[in-house]
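Colleague: Below: one structure in structure tokens.
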Amino acid sequence: MKVLLLVLILVSCSGSNKYTDLSYYKNGKFLNYQKGPDRGFGDFFKWQFNGKKQKWPERVDLTTLNIGVPDSSIKPIITFIGHSTFLIQVNGLNILTDPVFSERVSPVSWAGPKRVIKAAIVKEKMPKIDFIIVSHNHYDHLDIDSLRFFKKRDNSKIYAGLEVGDVDSDLEIEEMGWWEQRNFNGTEIVFTPCQHFSGRGLFDRNETLWGGFYLKSQLFKVYFAGDTGYSSHFKKFKERFGEVDLAILPIGAYEPRWFMKYVHMNPEEAIKAHQDLNPKLSLGMHWGTFQLTDESRLEPVQKINKLTQELDIKNFQVLEFGESLSL
């Protein structure tokens, strides 16, 4: 049963020919700029039955007590909620990235990858959310219950890639292609390429678009990388937009490398991405919340800390769950 659920989460296929004018769309499927190996069912089962999955704890207590965040802030405040969920408060706006507050990231509520550490702030205590960015439709990034909550409570605007809106028409998701731009109350929003894939079931692989986001206001420039492998898209981003104040980069869910390298960066590659982008500050995400792959829970952070010390990199940090950073 666990294997079947992981298949539903990580694998899928099929589609129509709607976006024939896009270079990254062909035969009903969205494509990465940099083609990699196609991992099918055989590879997946090889990993599941021959992998060396490290044991994670059943539950981890929050070590950082978050006493709450302000209703809003002009100066930037970044709070790590868990996995790829950050609250970004700047210029009077409250922005959420990939909000996942559910106990499991799975098609069903009774099985699948389970949260080992609770969300640092429960969604009911979050300030009013102005808009939400969703990098792609995998269950650990697009949590329908969380999106419905903020849509109902705050009427939050939601931005995501092409065709993601089909997950729930009531959410009124604003769909974007790569490099497309929107504007929300003076904040420029650009959907950017990354190296990944999409799918929520067995038969929809790559039928919705994945990506990252660039958020630019007069006060602050943020790059949210989404879920991604390492590729030339980081350098392309830098060439197009220049340096940013903050880059949020994935550092976990990377073992085994033969299976994950194309779609998930390891800590060494996250450091390379940081060097490509040259931001004022990078923060690590996508670690320590749900066991999706083989590495131990704290290995991504331990490796990042070791690498930044060896390379004398002082502007790459990993926040504790619930930790806020004022910039």
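Colleague: Counting DSSP beta bridges with both partners in region 93-238, what percentage is antiparallel, nearest 5? Intermediate results must be reported in sequence, preceding the final value.
Modeller: Numbers: 15 of 24 bridges.
In region 93-238, approximately 60 percent of DSSP beta bridges are antiparallel ones.
Colleague: In 10 Å bins starting at 0, how do the alpha-carbon pair distances of region 224-285 split up by percent?
Modeller: Reading upward from the zero bin: 25, 56, 17, 2.
Colleague: Tell me, Kirkwood radius of region 105-258 from alpha-carbon pair distances, in Å? Before the final figure, lay out each step's value.
Modeller: Working: mean 1/r = 0.0600 Å⁻¹.
For region 105-258, the Kirkwood estimate is 16.7 Å.
Colleague: Say R0 is 35 Å: what FRET efficiency, to the nearest 0.05, do Leu325 and Ile144 get from their beta-carbon distance? Write out the running numbers ahead of the final one.
Modeller: Working: r = 29 Å, r/R0 = 0.83.
That pair, Leu325 with Ile144, gives E of 0.75.
Colleague: Still on this structure: Under a straight-distance cross-link criterion of Cα-Cα below 20 Å, which aspartates and glutamates are reachable from Lys55, leaving out those fewer than 8 residues away in the same chain?
Modeller: Counting by Cα, and skipping residues close in sequence, Lys55 has these aspartates and glutamates nearby: Glu103, Asp140, Glu255, Asp294, Glu295, Glu299.
Colleague: With a 1.4 Å probe and all protein chains left in place, how much accessible area per residue does region 13-83 have, in Å²?
Modeller: Numbers: 4930 Å² over 71 residues.
I get 69 Å² per residue for region 13-83.
Colleague: What does the C-alpha gyration tensor say about the overall shape of the chain? Classify as rounded when a/c is under 1.5, otherwise prolate if a/b is larger than b/c, or oblate. Working shown, then result.
Modeller: Working: a/c = 1.22, a/b = 1.11, b/c = 1.10.
Rounded shape, in that the Cα axes give a/c under 1.5.
Colleague: How high is the relative contact order of the chain, given as a whole-number percent (alpha carbon pairs under 8 Å, six or more residues apart)? List each step's numbers first, then the result.
Modeller: Values: 739 pairs, mean separation 65.5, N = 327.
Worked out over the chain, it gives 20 percent.
Colleague: Just the Cα atoms of region 21-113: what Rg and Dmax do they give in Å?
Modeller: 19.8, 51
Colleague: Where the only charges are on Cβ atoms (+1 Lys, Arg; -1 Asp, Glu), what is the dipole of the chain about its Cα centre, to the nearest 20 debye?
Modeller: Values: 41 positive and 40 negative charges, 97 e Å.
That gives the chain a dipole magnitude of about 460 debye.
Colleague: Computing the accessible area with a 1.4 Å probe over protein heavy atoms, can you report the carbon and sulfur percentage for the chain? Don't jump to the answer; show the numbers that get you there.
Modeller: Values: 7080 of 14240 Å².
C and S atoms contribute 50 percent here.
Colleague: Something else: Under a 1.4 Å probe, what is the accessible area of region 190-327 per residue, stated in Å²? Please list the in-between numbers first.
Modeller: Values: 4910 Å² over 138 residues.
Ligands and nucleic acids excluded, the figure is 36 Å² per residue.
Colleague: Here is a further query. Give me the distance in nm between label points sitting 7 Å out from Cα along the Cα-to-Cβ direction at Leu307 and Glu188, one decimal.
Modeller: Simple spin-label model gives 2.9 nm for this pair.
Colleague: Moving on to the next point. Among DSSP beta bridges whose residues both lie in the chain, state the antiparallel percentage, nearest 5.
Modeller: Numbers: 29 of 48 bridges.
Counting only bridges with both partners in the chain, antiparallel ones make up about 60 percent.
Colleague: Check the straight Cα-Cα distances from Lys272 and name the lysines below 19 Å, setting aside those fewer than 8 residues away within the same chain.
Modeller: Within the straight-line limit of under 19 Å, Lys272 reaches these lysines: Lys235, Lys236, Lys238, Lys261, Lys280, Lys303, Lys306, Lys314.
Colleague: Out of every Cα-Cα pair in region 143-206, what percent are more than 19 Å apart?
Modeller: On the way: 806 of 2016 pairs.
Here the long-distance tail beyond 19 Å is 40 percent of all Cα pairs in region 143-206.
Colleague: Check the straight Cα-Cα distances from Lys152 and name the lysines below 16 Å, setting aside those fewer than 8 residues away within the same chain.
Modeller: Those lysines meeting the cut-off are Lys123, Lys125, Lys128.
Colleague: Using amide H atoms built in the peptide plane, which far-off residues or other-chain residues are under 5 Å from Lys29 H to H?
Modeller: For Lys29, no residues qualify.
Colleague: Moving on to the next point. Post the alpha-carbon centroid distance, region 256-310 to region 58-126, in whole angstrom.
Modeller: Region 256-310 and region 58-126 have Cα centres separated by 20 Å.
Colleague: Give the shape of region 283-324 as rounded, prolate or oblate, defined through the alpha-carbon gyration tensor: a ≥ b ≥ c are the square roots of its eigenvalues, a/c under 1.5 means rounded, and otherwise the shape is prolate if a/b is larger than b/c and oblate if not. Please report the intermediate quantities before stating the final value.
Modeller: Details: a/c = 3.01, a/b = 1.39, b/c = 2.17.
Oblate, because a/c is 1.5 or more while a/b does not exceed b/c.
The values are calculated or read from the model by the stated rules, or taken from the named source; none is laboratory data. In this text the structure is predicted, and so the values were computed from the model without any measurement. Using ideal geometry, Cβ is built from the backbone for each residue, glycine included, and neighbour counts are taken over all protein chains shown. Protein only, heavy atoms only, side chains kept; ligands, DNA and RNA dropped before computing areas. Shrake-Rupley method; radii C 1.70, N 1.55, O 1.52, S 1.80 Å.
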